[in-house]
Amino acid sequence: MPYLLAIVLSIFTLTGCQSAYYSAMEQVGYHKRDIMVDRVEDAKESQQDAQQEFTSALEALSALTNFDGGELETVYNQINDKYQDSEKAAQDVSDRIAAIEDVSDALFSEWQDELELYTSNSLRRASEQKLKETQRSYNTMLSAMKRAEDKMTPVLNTLRDNTLYLKHNLNASAIGALQGEFTNLEQDIQYAIKQMNAAIAESDKFLDRLNQQ
């Protein structure tokens with residue numbers, strides 16, 4: 001079964017046809033709800049990775065503010081690497097959120113359509129109520145994820161500015177100029193991490209709701 005899942009995943013990831021992908025996965029017993037759970041878990045992990053990369057970049061810049069001699073180009077390369085890693089981590093977060101939105105659209109649309117298939121009014125009402133509750137929980141989670149995603153932008157902008165400035169000004173005066181940027185960057189990173197932690201907490205609540213159904 002894992003081998004078959006891998007084949008299906010690779011084929012439809014390449015084709016980019018999500019509806020066909022979901023249908024194929026259902027044929028092997030892997031439903032949209034399962035995919036949703038996995039993608040939310042992936043998004044949580046990507047946010048945790050982004051926190052680590054941002055913190056690591058901050059530490060690299062902190063070391064620069066205490067620079068007391070040595071090869072500035074080496075320092076620049078280290079900071080540039082941290083910026084590149086942070087940018088990749090932030091993009092991964094955005095990609096994970098987009099993947100969640102894709103499967104949620106498919107899941108909720110299918111759920112809504114299948115309400116019409118009930119012959120029991122009481123079961124239909126109960127399922128419709130669960131759908132609404134799940135959508136509310138999902139929307140709360142998604143809003144938290146989007147807020148966290150937005151807060152990554154100023155962090156990346158500041159990291160990029162600092163990296164570019166240092167690239168073209170490999171001298172002691174450049175360090176003095178960047179020291180003034182450090183406090184703002186530290187605050188931006190702390191706020192971004194706070195928003196990501198809030199998003200992770202909402203993800204846990206949403207997953208708990210799914211698991212209870």
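As a proxy for reagent exposure, ranking Val40, Val28, Val93 by other Cβ atoms within 10 Å from fewest up yields Val28, Val93, Val40.
Working note: 222 nm ellipticity from helices only, DSSP H runs with n ≥ 4, each -39,500 (n - 2.57), summed and divided by the residues of the chain, gives -32500 deg cm²/dmol to the nearest 500.
Placing R0 at 45 angstrom, the Cβ-Cβ distance between Thr65 and Asp42 gives a FRET efficiency of 0.80 after rounding to 0.05. Annotation: for a label point projected 7 angstrom from Cα along Cα→Cβ of Ala201, residues of the stretch 117-153 with backbone N closer than 19 Å are 137-152. The mean sequence distance of close C-alpha pairs (under 8 Å, at least 6 residues apart), as a share of the length of the stretch 144-213, puts its relative contact order at 55 percent. Between Gln187 and Glu128, the FRET efficiency estimated from the beta carbon spacing at R0 = 45 angstrom works out to 0.50. Per residue, the average separation of C-alpha pairs within less than 8 Å and at least 6 apart gives the stretch 58-213 a relative contact order of 36 percent.
3J(HN,Hα) along the stretch 129-139: 5, 5, 4, 5, 5, 5, 5, 5, 5, 4, 4 Hz, from the Karplus curve 6.51 cos²θ - 1.76 cosθ + 1.60 with θ = phi - 60°, whole Hz, x for Gly and Pro. What is the gain in length, in nm to one decimal, between Gln213 and Val28 on full extension, counting 0.36 nm per residue of separation less the C-alpha to C-alpha distance? Taking Gln213 through Val28 to full extension adds about 64.5 nm, to one decimal.
None of the figures in this text is laboratory data; all of them are computed from the coordinates on show. All values reported here derive from a predicted model rather than from experimental measurement. Note that we place each Cβ from the backbone using ideal geometry, even for glycine, and neighbour counts take in every protein chain shown.
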